[in-house]
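Below is one structure, written out as structure tokens, with a few remarks after it.
The values are calculated or read from the model by the stated rules, or taken from the named source; none is laboratory data. Everything quoted here is computed from the prediction, not taken from an experiment. Neighbour counts run over all protein chains shown; Cβ positions are idealised from the backbone, glycine included. Quick note on the areas: whole protein, heavy atoms, side chains included, nothing else; ligands and nucleic acids left out. Shrake-Rupley method; radii C 1.70, N 1.55, O 1.52, S 1.80 Å.
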Amino acid sequence: MTTDEWDDDSPAHALVCLHAGPEPARWFADQVAALGAIAHRCRALDSADPESVDAWVNEVASAVTALGHDRVHLLATGATAYSAIAFAACRPALVTSLVLGDPEVEPDIPGYGELLARVTAPSLVIASVPDEHTDIARAQSIAGGIDNGVFVVIDGATIPAHRNRASSFNEWVTAFTIIAEGLDAMASERQEKANA
């Protein structure tokens with residue numbers, strides 16, 4: 001996929017890729033090159049400390065708005081998926097859609113179920129399935145715990161799919177973000193009519 005593929009049907013909102021590790025632009029190199037994504041390094045959210053969520057969300061919200069965007073598509077992979085879920089749950093007005101690639105989230109994190117239930121943005125969970133023995137239950141449960149959650153697998157892909165099968169991953173992201181923006185526009189029109 002090249003940036004030319006965005007020409008006719010390109011999302012209006014930026015795709016921001018959260019990464020708690022070093023060199024986020026390198027980690028999301030294929031998404032930056034092909035989708036024009038913005039790679040953003042954030043500090044890791046301490047999942048063992050529910051009290052730290054609000055401060056972390058405020059910090060990342062300030063960084064996102066400093067990028068010049070009032071709404072974004074949010075992408076996170078691996079362990080950073082928990083942080084993205086917390087952000088989407090606490091700042092729904094900033095998130096047009098949530099995309100999680102090969103998420104690694106412990107289901108027994110305090111408050112995790114409540115955060116999932118609070119996510120209102122359309123959400124796509126993509127899981128790599130390198131072979132028939134791959135356990136996808138945790139990733140699937142994330143999509144199932146979000147009201148507008150969708151779950152897809154990329155067969156034969158090794159983890160992480162966004163790097164090892166970037167073309168397929170990016171096609172899913174492209175299609176999903178465009179659909180999410182269409183749903184967002186329809187909801188805005190309904191709200192305007194209701195307020196008229």
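Of note:
- Sole residue being within 14 Å of the chain's Cα centre (by Cα) and not small (G, A, S), chosen from V57, V72, V32, V53: V72
- In the range 159-180, the residues that are assigned to a loop (DSSP other than H, G, I, E, B) and either free of Cβ contacts under 8 Å to residues at least 12 places away in the same chain or open to solvent by 70 Å² or more (accessible area, probe 1.4 Å) (or both): I159, R165
- Checklist (1) within 21 Å of S168 (Cα to Cα); (2) open to solvent by less than 10 Å² (accessible area, probe 1.4 Å); (3) in a helix (DSSP H, G or I) applied to A84, failing item: (1)
- A count restricted to the range 68-99 and to residues that are free of Cβ contacts under 8 Å to residues at least 12 places away in the same chain and of a type outside the set (G, A, S) stands at 0.
- Those residues of the range 136-192 which are aliphatic (A, V, I, L, M), closer than 19 Å to R71 by Cβ and in contact with a strand residue (DSSP E or B) (Cβ under 7 Å, 6 or more places away or on another chain), in sequence order: I146, V173, A180
- Residues that are farther than 20 Å from A86 by Cβ and not β-branched (V, I, T), drawn from the range 128-139: S128, P130, D131, E132, H133, D135, A137
- Residues located in the range 46-81, provided they are within 19 Å of P122 (Cβ to Cβ) and surrounded by 13 or more Cβ atoms within 10 Å (Cβ to Cβ): V64, H69, R71, V72, H73, L74, L75, A76, T77, A81
- Strands (runs of 3 or more DSSP E) wholly inside the range 89-156 containing at least 2 residues that are open to solvent by 20 Å² or more (accessible area, probe 1.4 Å) and of a type outside the set (F, W, Y): 149-155
- The range 10-26: number of residues that are under 15 Å from A81 (Cα atoms) and either open to solvent by 70 Å² or more (accessible area, probe 1.4 Å) or of a type in the set (V, I, T) (or both): 1
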